[in-house]
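The values are calculated or read from the model by the stated rules, or taken from the named source; none is laboratory data. Owing to the predicted nature of the structure, the values given are computational and were not obtained by experimental measurement. Cβ: placed from backbone, ideal geometry, glycine included. Neighbour counts: every protein chain shown.
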Amino acid sequence: MEVVQELQRERDHLLLLHEALGEVDRATTLDERLRLFVESIRRIGFGRVTITLRDSELNATTIVAAGLSEDELRHLRERAAPGSLWRSRLAEMDRFRISNSWYLPGRDPWVVREFGDAIRSTLSPALDPDWSPHDLLLVPLRTAQG
């Protein structure tokens, strides 16, 4: 029964993402498309979602989020880490790589040091040793040119 429920949940997530792609096709601006993406990702179970567009130097040019308060979003935009810091971080993150993404465990000392000033989770710390509300999932999206 549990397997069936998991399959149904996965099916529902795929349906939500499929519907979002249709909405994105109809959107007329990049900002509208990004907002549709973050809202869709949030609906499949992520409490807070952020998409940050970066220039060739990895400096933030656009930040779109779902699940953040206006104050949290303002804080995120005002304190966006510079590209030089991101280049340094990326050079150190290989041990966290999963396929083309990075899963950063919120209890890891390096993650705490590098990302400790990020917006804090409002969720209670979990007893689960494999998950913390401070965990981060970074998924890079690249242009066709890389």
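Pairs, please: C-beta under 7 Å, at least 6 apart or cross-chain, first residue over 23 Å from T62 (Cα atoms) and in segment 10-32, second surrounded by 11 or more Cβ atoms within 10 Å (Cβ to Cβ) and of a type outside the set (A, V, I, L, M, F, W, C)?
Partner pairs satisfying both residue conditions: L16/S40; L16/R43.
Would you confirm whether any residue within segment 109-118 is of a type in the set (G, A, S) and on the phi > 0 side of the Ramachandran plot?
no
Which numbered condition trips up R74, out of (1) free of Cβ contacts under 8 Å to residues at least 40 places away in the same chain; (2) within 16 Å of the chain's Cα centre (by Cα)?
(2)
Could you please find all residues in segment 96-114 being assigned to a helix (DSSP H, G or I) and either modelled with pLDDT under 90 or of a type in the set (K, R) (or both)?
Listed by number, the list holds a single entry, R113.
Can you tell me how many residues within segment 9-43 are of a type outside the set (A, V, I, L, M, F, W, C) and touching a strand residue (DSSP E or B) at 6+ places or on another chain (Cβ under 8 Å)?
Counting residues in segment 9-43 that are of a type outside the set (A, V, I, L, M, F, W, C) and touching a strand residue (DSSP E or B) at 6+ places or on another chain (Cβ under 8 Å) gives 4.
Which helices (runs of 4 or more DSSP H) does segment 1-91 wholly contain that include 2 or more residues that are surrounded by 15 or more Cβ atoms within 10 Å (Cβ to Cβ) and touching a helix residue (DSSP H, G or I) at 6+ places or on another chain (Cβ under 9 Å)?
Per the criteria, 2-26, 30-43.
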